[in-house]
Structure formats: structure tokens, C-alpha cells
Amino acid sequence: MRAIFLILGLSLVGVLASCRQDMHDQPKYKPQSGSSFFADGRSNRPVLAGTVARGRLQDDALLVTGKENGEFSKVFPFPVDAAVLERGRSRYGIFCAPCHDASGAGNGMIVQRGMKQPLSFHIDRLRDSPPGYFFDVMTNGFGVMYDYSDRIEIEDRWAITAYIRVLQKAQNAKFADVPADKKETLLQPPK
Amino acid sequence: MTQLFHKSFNTLSKASIVLGGLVAGLTVTTVLFANRTPYISLVDVSREQPVPFSHKHHVGGLGIDCRYCHTSVETSAQASLPSTKTCMTCHSSIWTNAAMLEPVRQSYMNDRSLEWLKVHDLPDFAYFNHSIHIKKGVGCQTCHGQVDQMPLMMRKNTLNMEWCLSCHREPEKFLRPREEVFNMNWKPSHEKPQAQLGAELVESYQVQKLTNCATCHR
């Protein structure tokens, strides 16, 4: 009789123990979780100075700094094709349009809500600025504008620069600039 | 020797078979039902955060793209929460005196992370990956609901295995074109209803039906 009670009692303990959530909340770190071990309370650890991740060796000075011989580069570090422009368009829409607006005039939603108004991309000075300048502003910030180097990949920053060039062209385009095969459609009355 | 059990125990034992079955059935039903109530699944429940961040204002009102803040959602398993610096790109210039934003400024000055509480939290034995869903045309809204209407973040789906599988078994019912993944208001058009569109997308994105246990339990 004793034995039966013992077995029953033990299995009850077993049943209750299985209510524990060990496998739900495993003692491991997931990205961005907190930590009581590190002094700054983060499980994400900063990269040690001088560490180079595989495939991330940044030995192309032009690509990484946007400068050549200490001056803003006048050329892009890689060929710009339609795919690059398309990428630039989408990244510009995500990261720049909230303030600089879709056309680059500097009237974005956040500016309308009180942010300092940036100059239009369509003033002469900025139309004459080399690509390296725009890359530099995104990488290091400019005045009250913070830098975006932690959120936009290097290649994407160049793609955005290329797209800003497109905007500058488009906002100052004359009818003569339209390719011959597209002129016809432009002349048609709007539907 | 007298009988151990009285005659009435015959009826009692028969009744106990029926009753036992009923009680067992009721327990199972209750557990299954309880698992689907907001109390357990936490659907429509918001949490007290260090800053009452409103997606309704920032996404619905200001039109900021999800990726401005959830930067890695296209490329990795985690969507990732924004760093304090991301908030400060705007809040260093606007609403600089708002008391509501004091924790954000403190966090930036002292280099301490804001401690956001998880609203969506799968058990650690289940594997989830955002990037594949984004690439194959599953909209944020399909899983997270009308985020642009939420003053405070809350779950809109249970995140039960049953829920994952309801889509993994027939993804064609939920897919949308890749360009529309971040659109909170996308609806299939009248000319091309979901049945037709879904079938086309399954074809062109080569979407598989992943129901193997090892897809999510690895």
C-alpha cells in the first residue's frame, strides 16, 4: 500500500514538474535580448576595434569613404545601371523621403511637423556637388541631420546618390531631353 | 461473507464510465478553448512599454516605412527593433521637450538601451524567419494586422502552430506581390481575385508548402 502511494505521489510531482517552461524560455541569448551578465545590459556585443568580418574587408577607399585624394569623388565606385537606380529609388523612399520628400525639394512630412527644412536638392550648388558629397552626408551626417551609416549599406548609399542625380535631372528636364520614342506619349492629352 | 459492494454500485459504475468520459472531454475542450482566448494567446493585449510608442502616429500619420526602423526585416530572421539613435534622428529636433520622450533622451545620453517588452514571442523551440516570408510575398499586415491603426502595439494572431500551418498548408490564399508587402492597405483587385493571383504568385515565386516538422522545429 505504501509503495502505491509513493508511486502516485512521485508521478504527481512529475506531472507538476512538466508544467515548467524550460523549453519555452531556454537559457540562451537571442538577438537584442537583455543580459544581466554584461555591464551595459545588452546581449548584443559591440564589434571589437580592428575586427574584420569575413568578406567585409573594406580596402576600396573610394567605395568606403567617397573620397579620392582627399576630395569628394566625381565618379561612382561601380557602374550605375537600371537595377542600381531601382534600388536607390526604394532606399530613398524609405530613408530620405520623410524629410527631403519624394522629389527632393525638402518638404517632407517630418519637415511639415517641425523639423528644420533642408535645402532643395535642385539648387545650383547641390546640382554641381560631386557624388562623393552625397555619400559623405549619408555616412557622416550634416548639421542637424544624423548619419545613416548604421542603417544603410555602403552600396545602397551609392545607389541613393545615383537616384538623387535622377531626381535632379528630372526636375530640370526640358522637352528636348525626352527620348524620341517617348515624346509621342508625352504629347497625348491626359486621360 | 457479506458482499463487498452493494448492488447499487452496478449503476454507479456504469454512470462513472459516462461521467468520466464527459469530464475528460470537458477538460480537453476547456484547455483547447482557453488556449485560444486572449488570456493565453495575448491577442489584442498591449503591454506597458518604457515609451508609449504609437505606430498609428508614426506609420499611419507620418507615413514612415517599416524599414526606417525595422531595418533588417528583409535580410535576416529578426525584424529588429530600432536603436535609440533612430528615434533621435527626428526627436533631437522635434518634440524635444515632451516628457513622454524623456526615457528616449536619457537612453541616448547615457548609452543605455531602451528596454522594450516583447509583444510577439514564440517559444524558443520554434524557429521563425522574417526574410523568407518577405521574399515570398507575405505582407506584414497578414501576420501583424493593421499596424498603422495601432496606438499601442498588440498581437492580432495567436502565433499558435495551428496558425502557422493554416498558411503553410495553403499559402496561395495569403500571398501578395512583393512590392506590396509593406503596404498596410493592400487588397486583391476585382479584376484578379486572390484565387487567381495566389496561384500565379506561387508559380512565379516558386512557393513551397512547408509542413515538415523540421521546418520550424530544428
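The values are calculated or read from the model by the stated rules, or taken from the named source; none is laboratory data. All of these numbers come straight from a predicted model, not from anything done at the bench. FYI the Cβ positions are ideal-geometry reconstructions off the backbone, even for glycines, and counts take in every protein chain you see. What goes into the accessible areas is simple: the full protein's heavy atoms, side chains included, and nothing from ligands, DNA or RNA. Shrake-Rupley method; radii C 1.70, N 1.55, O 1.52, S 1.80 Å.
Here are the numbers for this structure:
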read-out: Heavy-atom accessible surface that A and B bury in contact, both chains counted, 1.4 Å, Å² to 100; value: 2600
read-out: Burial ranking of peptide ranges A:75-84, A:158-167 (average Cβ count within 10 Å, highest at the top); value: A:158-167, A:75-84
read-out: Pair residue A:56, residue B:116: separation of 7 Å Cα→Cβ label points (nm); value: 2.1
read-out: Taking chain A and dividing mean pair separation by its residue count, relative contact order in percent (alpha carbons under 8 Å, at least six apart); value: 18
read-out: Reference-scaled alpha-carbon Rg (2.2 N^0.38 Å with N residues) for the protein assembly as shown; value: 1.35
read-out: The range B:150-177-the range B:27-104 distance, computed between alpha-carbon centres (Å); value: 18
read-out: P(r), alpha carbons of the range A:148-190 - 5 Å bins starting at zero, rounded %; value: 5, 18, 16, 16, 14, 10, 8, 8, 4, 0
read-out: Neighbourhood net charge (13 Å Cβ-Cβ; Lys/Arg +1, Asp/Glu -1) for residue A:104; value: +3
read-out: Mean Cβ count within 10 Å, highest first, over the residues of peptides B:82-88, A:46-52; value: B:82-88, A:46-52
read-out: Spin-label zone in the range B:92-113 - amide nitrogen under 16 Å from a point set 7 Å from the Cα of residue A:42 along the C-beta vector; value: B:104-113
read-out: Computed E for residue B:166/residue B:205 - FRET, C-beta separation, R0 22 angstrom, nearest 0.05; value: 0.70
read-out: Tensor-based shape of the range A:80-171 (alpha-carbon gyration tensor, a/c under 1.5 rounded, otherwise prolate or oblate); value: rounded
read-out: Averaged over B:73-79, number of beta-carbon atoms from partner chains that fall within 10 Å; value: 1
read-out: Å² per residue, accessible surface of chain B at 1.4 Å; value: 65
read-out: The range A:1-152 pair-distance distribution - Cα-Cα, 5 Å bins, rounded %; value: 2, 7, 9, 13, 13, 10, 9, 8, 6, 4, 3, 3, 3, 3, 3, 2, 1, 1, 0, 0
read-out: Interface residues, the range B:89-107 - accessible area loss of 20 Å² or more versus chain alone, probe 1.4 Å; value: B:89, B:90, B:92, B:93, B:94
read-out: Nearest-0.05 FRET efficiency for residue A:8 and residue B:9, computed from C-beta distance (R0 22 Å); value: 0.45
read-out: Between helix B:9-36 and chain B: long-axis angle, C-alpha atoms, 0 to 90°, nearest 10; value: 0
read-out: Degrees between helix A:154-171 axis and first principal axis of chain A (Cα, 0 to 90, nearest 10); value: 40
read-out: Average Cα contact separation per residue, chain B, under 8 Å, 6 or more apart, as relative contact order %; value: 23
read-out: Exercise: per-residue mean of other protein chain Cβ atoms within 10 Å, B:60-71; value: 4
read-out: Counted charge near residue B:83, where neighbours are those whose Cβ lies closer than 12 Å (Asp, Glu -1; Lys, Arg +1); value: +2
read-out: Computed [θ] at 222 nm, helices only, for the protein assembly as shown once each DSSP H run of length n ≥ 4 contributes -39500 (n - 2.57); value: -12000 deg cm²/dmol
read-out: Net charge of neighbours whose Cβ lies under 15 Å from the Cβ of residue A:133, counting Lys and Arg as +1 and Asp and Glu as -1; value: 0
read-out: Accessible area expressed per residue, the range A:80-171, with surrounding protein chains retained (probe 1.4 Å, Å²); value: 46
read-out: Cross-link table A:30/B:135; B:85/B:156; A:183/B:135; A:67/A:174, entries beyond 25 Å C-alpha to C-alpha; value: B:85/B:156; A:183/B:135; A:67/A:174
read-out: Degrees, to the nearest 10: B:194-204 long Cα axis against longest axis of chain B; value: 70
read-out: Apportionment of accessible area to carbon and sulfur, the range A:80-171, percent (1.4 Å); value: 54
read-out: Sites excluded, GluC sites (Glu not before Pro) in DSSP loops with at most 12 other C-beta within 10 Å, longest stretch of chain B; value: B:116-190
read-out: Shielding by partners - mean other protein chain Cβ count within 10 Å, residues of B:197-207; value: 0
